[in-house]
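Enquirer: Dumping the structure here so I can ask a few things about it.
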Amino acid sequence: MSHTEAVPGSSLSAHRRGRELAEATDGRTADILVVGLGATGAGAALDAAARGLDVVAVDAHDLAFGTSRWSSKLIHGGLRYLASAQFDVAHESAVERGILMTRTAPHLVTAQPFVLPLTPLVSRAQATLAWTGFRAGDVLRLAARTPRQVLPAPRRLSATEARHLAPSVRAAGLRGGLLSWDGRVADDARLVTALARTAAAHGARVLTRVRVLELTGTGARIRDERTGEEGEIRARAVINATGVWAGTLTEGIRIRPSRGTHLVLRSERLGALPAGLHVPIPGETNRFLLVLPQGDGRVYVGLTDEPVGGGIPDVPEVPETDIGFLLDVLGSVLDAPVARDEVVGAFAGLRPLLDTSASDGRDGAPARTSDISRRHAVLTSADGVTTVVGGKLTTYRRMAQDAVDAAAGARGLRTGPSPTAALPLVGAAAPGRLRALPAPPHLVRRYGTEAAAVHALAARDPALAEPVLPGHPVSRAELRWAVEHEGALDESDLLDRRTRIGLVPADRADALPVAREILERTAATRP
């Protein structure tokens with residue numbers, strides 16, 4: 001691959017979608033149909049295609065439309081699961097974090113420092129417990145064989161050091177801090193896009209805007225949401241990876257969704273943040289509010305863990321109670337509390353937690369969603385549909401592997417072991433190679449080895465070098481790249497998923513005309 005090209009075979013486009021949808025519905029039988037193109041579904045499509053299976057993967061909306069784009073962007077090492085004695089889940093998380101950081105996606109997943117400020121609200125006993133946890137997390141890193149140069153050791157900070165890394169924290173009574181490290185992904189939706197494109201490079205047909213109307217163990221009746229035309233996709237095995245919507249396609253699947261809400265602030269509100277923050281939540285021993293600088297002029301503050309009843313919306317709404325809760329906890333450590341009108345955006349994701357019992361809690365009461373295990377489950381229905389639910393963004397690869405193993409085994413498909421633990425995603429390369437690329441660092445963090453190709457677009461057409469919004473790092477070239485190579489079909493794909501401009505409604509409104517212009521210009525130049 002040259003510096004000015006996409007990874008061969010990986011480009012997703014409207015033209016490719018049309019051709020491959022026609023192929024998928026022409027009466028042939030694929031080996032595996034995957035429904036859902038979040039991290040787990042895209043991961044399952046890649047896993048199956050990398051094993052040499054003929055794969056069709058569909059989503060009613062877009063890549064990363066659901067829960068996968070609403071995360072904290074953290075690739076957790078499993079520390080919180082140690083506290084609840086879920087040692088297997090903790091170890092699995094640490095192993096999968098290490099795989100992403102060292103082998104499959106080192107361009108997208110890097111180390112993130114966090115400071116836990118030791119304010120008067122953090123007792124010495126709480127500080128000791130947190131420090132013990134961070135040391136235990138380092139043991140997990142060691143057990144997962146993640147190198148020290150990839151994830152540094154935790155250490156204690158003086159008050160001066162803590163203020164340097166977290167200048168917006170109140171100085172009065174501050175007695176120091178605790179520095180820890182975890183993995184973070186540059187953008188969760190970009191991780192899903194990389195998975196889908198890597199699957200496409202291995203021959204998978206990746207089809208967005210294809211809604212499943214009826215699902216069985218031998219395929220699905222579908223509708224092309226762009227044209228309204230209906231058809232049938234036949235498959236020898238079927239994987240339901242639709243997350244919180246899994247129960248709407250397969251009987252017997254009970255999900256207890258949990259809402260995780262984040263706030264979006266302008267970076268200048270909290271000043272320079274060389275590190276993220278852990279802020280203990282009052283009354284909780286193992287939960288923290290997270291302050292997460294994004295490097296694009298924004299900071300995320302999260303997150304809640306609240307049960308959700310009723311129907312599952314396409315895009316979850318953020319209640320004012322969540323916003324007030326997060327602002328209150330954040331205000332407990334800041335020099336000046338953040339006002340409600342300084343929240344420029346908010347988003348919520350629904351965790352697809354498997355409901356294994358109606359009363360897991362004490363005295364017959366339902367368990368809190370924060371107490372439900374994050375273990376994933378792979379279930380096969382009576383008619384042969386394999387459903388994968390639960391889990392976390394961090395462990396998508398293992399979930400995908402287990403789902404493909406189960407689906408192939410249930411239907412008698414011959415396949416070798418999964419190769420994905422050693423399979424680099426589109427754009428992946430060693431850090432030294434990434435640093436040497438002829439492209440700005442912010443592009444390298446989002447596109448890896450393809451950053452030079454995105455940069456070359458802007459070099460050939462100066463208009464594409466312009467930012468989509470003044471002061472925001474995303475350029476028009478990135479929108480053009482998304483249409484030509486990342487399967488973006490409309491403005492929402494561009495602004496809400498390929499880039500995250502849409503997380504701030506005011507920014508989205510300002511960027512909309514540019515997105516429309518790019519779509520029109522790209523359509524006009526297609527052969």
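Values quoted throughout were computed directly from the atomic coordinates according to the rules given, and no laboratory measurement underlies them. All figures in this text were calculated on a predicted structure; none of them were measured in a lab. Using ideal geometry, Cβ is built from the backbone for each residue, glycine included, and neighbour counts are taken over all protein chains shown.
Enquirer: Quick one: which of 6-14, 35-43, 505-513, 194-202 comes out on top by average Cβ neighbours within 10 Å, and what's the full order, highest first?
Expert: Top to bottom by mean Cβ count within 10 Å: 35-43, 194-202, 6-14, 505-513.
Enquirer: Taking the simple approach of a point 7 Å from Cα along Cα-to-Cβ for both Glu320 and Gln149, what is their distance in nm?
Expert: Rounded to a tenth, the inter-label distance reads 5.4 nm.
Enquirer: Oh, and also: Considering the range 58-143, what Rg and Dmax in Å follow from its alpha-carbon atoms?
Expert: Taking only Cα atoms of the range 58-143, I get Rg and Dmax of 16.0, 52 Å.
Enquirer: May I ask for the angle, rounded to the nearest 10°, between helix 320-331 and the longest principal axis of the chain, with both axes built from Cα atoms and the value confined to 0 to 90°?
Expert: So the helix axis and the longest Cα principal axis differ by about 40 degrees.
Enquirer: For the range 318-351 and the range 399-431, what is the separation of their C-alpha centers, rounded to whole Å?
Expert: What the calculation gives is 39 Å, centre to centre.
Enquirer: What's the exposure ranking of Thr119, Thr248, going from fewest to most Cβ atoms within 10 Å?
Expert: On the way: Thr119 20, Thr248 15.
Taking fewest neighbouring Cβ atoms as first place, the list is Thr248, Thr119.
Enquirer: Separate question: So for the chain: antiparallel DSSP bridges make up what percent, rounded to the nearest 5? Mind dumping the intermediate values first?
Expert: On the way: 58 of 77 bridges.
Of the beta bridges lying entirely in the chain, close to 75 percent run antiparallel.
Enquirer: Relative to the longest principal Cα axis of the chain, at what angle does helix 396-411 sit, 0 to 90 degrees, rounded to 10?
Expert: 40
Enquirer: I would also like to ask the following. Quick one: net charge around Glu214, please, counting Lys, Arg +1 and Asp, Glu -1 for every other residue with C-beta under 14 Å from its C-beta. Mind dumping the intermediate values first?
Expert: Values: positive: Arg211, Arg221, Arg223, Arg234; negative: Glu230, Glu232, Glu251, Asp383.
Result for the local shell: 0.
Enquirer: Largest first and to the nearest Å, give the Cα extent of the range 230-308 along each principal axis.
Expert: Principal extents (largest minus smallest coordinate, Cα): 54, 33, 19 Å.
Enquirer: Find, among the GluC sites (Glu not before Pro) in the range 1-83, those assigned to loop by DSSP (not H, G, I, E, B) with at most 16 other beta-carbon atoms within 10 angstrom. Intermediate results must be reported in sequence, preceding the final value.
Expert: Values: sites: Glu5, Glu20, Glu23; in loops: Glu5.
Of the GluC sites (Glu not before Pro), the ones in loops of the range 1-83 whose Cβ has at most 16 other Cβ atoms within 10 Å are Glu5.
Enquirer: Tell me, what HN-Hα J-couplings in whole Hz come from the Karplus equation 6.51 cos²θ - 1.76 cosθ + 1.60 at θ = phi - 60° for each residue of the range 388-395, using x for Gly and Pro?
Expert: Along the range 388-395, the couplings run 10, 9, x, x, 9, 4, 4, 9 Hz.
Enquirer: Here's a follow-up. In Å and on Cα atoms, what radius of gyration and Dmax does the range 426-527 show?
Expert: Cα-based Rg and Dmax for the range 426-527 come out at 13.4, 39 Å.
Enquirer: Still on this structure, I have one more. Hey, what did the chain get for relative contact order, percent, Cα under 8 Å, at least 6 apart?
Expert: Details: 1128 pairs, mean separation 114.9, N = 527.
Averaging sequence separation for qualifying contacts and normalising by length gives 22 percent for the chain.
Enquirer: What are the residues whose amide H is under 5 Å from the amide H of Ser72, where those residues sit 5 or more places off or on another chain and H is modelled from the backbone?
Expert: Those qualifying (amide H under 5 Å, at least 5 residues apart or on another chain) number zero.
Enquirer: Any idea what angle helix 124-143 forms with the longest principal axis of the chain, computed on alpha-carbon atoms, 0 to 90 degrees, nearest 10?
Expert: The angle comes out at about 40 degrees.
Enquirer: I would also like to ask the following. Go from 0 up to the bin containing the longest alpha carbon distance in the range 193-247, width 10 Å each, and give me the % of pairs per bin.
Expert: All Cα pairs considered, the percentages come to 21, 47, 32, 0.
Enquirer: What relative contact order, as a whole-number percentage, does the range 431-525 give when Cα pairs under 8 Å and 6 or more residues apart are counted? Please report the intermediate quantities before stating the final value.
Expert: Working: 94 pairs, mean separation 17.2, N = 95.
Relative contact order of the range 431-525: 18 percent.
Enquirer: Let me ask something else about it. Against the empirical 2.2 N^0.38 Å scaling, what ratio does the C-alpha Rg of the range 126-219 come to? Walk me through the intermediate numbers first.
Expert: Details: Rg = 22.0 Å, N = 94, 2.2 N^0.38 = 12.4 Å.
Ratio of Rg to 2.2 N^0.38 Å for the range 126-219: 1.78.
Enquirer: Something else about it: For the pair Glu520/Glu268, report the inter-label distance in nm, with labels modelled 7 Å from Cα in the Cβ direction.
Expert: 3.2
Enquirer: Here's a follow-up. Determine ³J(HN,Hα), in whole Hz, for all residues of the range 439-452 in sequence, where each value follows from phi through the Karplus function 6.51 cos²θ - 1.76 cosθ + 1.60 and θ = phi - 60°; x replaces Gly and Pro.
Expert: So the J values, rounded to whole Hz, are 7, x, x, 5, 6, 4, 5, 9, 10, x, 5, 7, 4, 5.
Enquirer: Report, by chain and number, residues whose modeled amide H sits under 5 Å from the one on Ala429, excluding near sequence neighbours (fewer than 5 apart, same chain).
Expert: His107
Enquirer: Dividing the convex hull volume of the Cα atoms of the chain by its residue count, what figure in Å³ per residue is obtained? Don't jump to the answer; show the numbers that get you there.
Expert: On the way: hull volume 76.5 nm³, N = 527.
Enclosed volume per residue, from the Cα hull, is 145 Å³.
Enquirer: Determine one quarter of the surface area of the Cα convex hull of the range 1-138, which equals its mean projected area, and express it in nm² to one decimal. Before the final figure, lay out each step's value.
Expert: Values: hull surface 50.2 nm².
The Cα convex hull of the range 1-138, projected and averaged over all directions, gives 12.6 nm².
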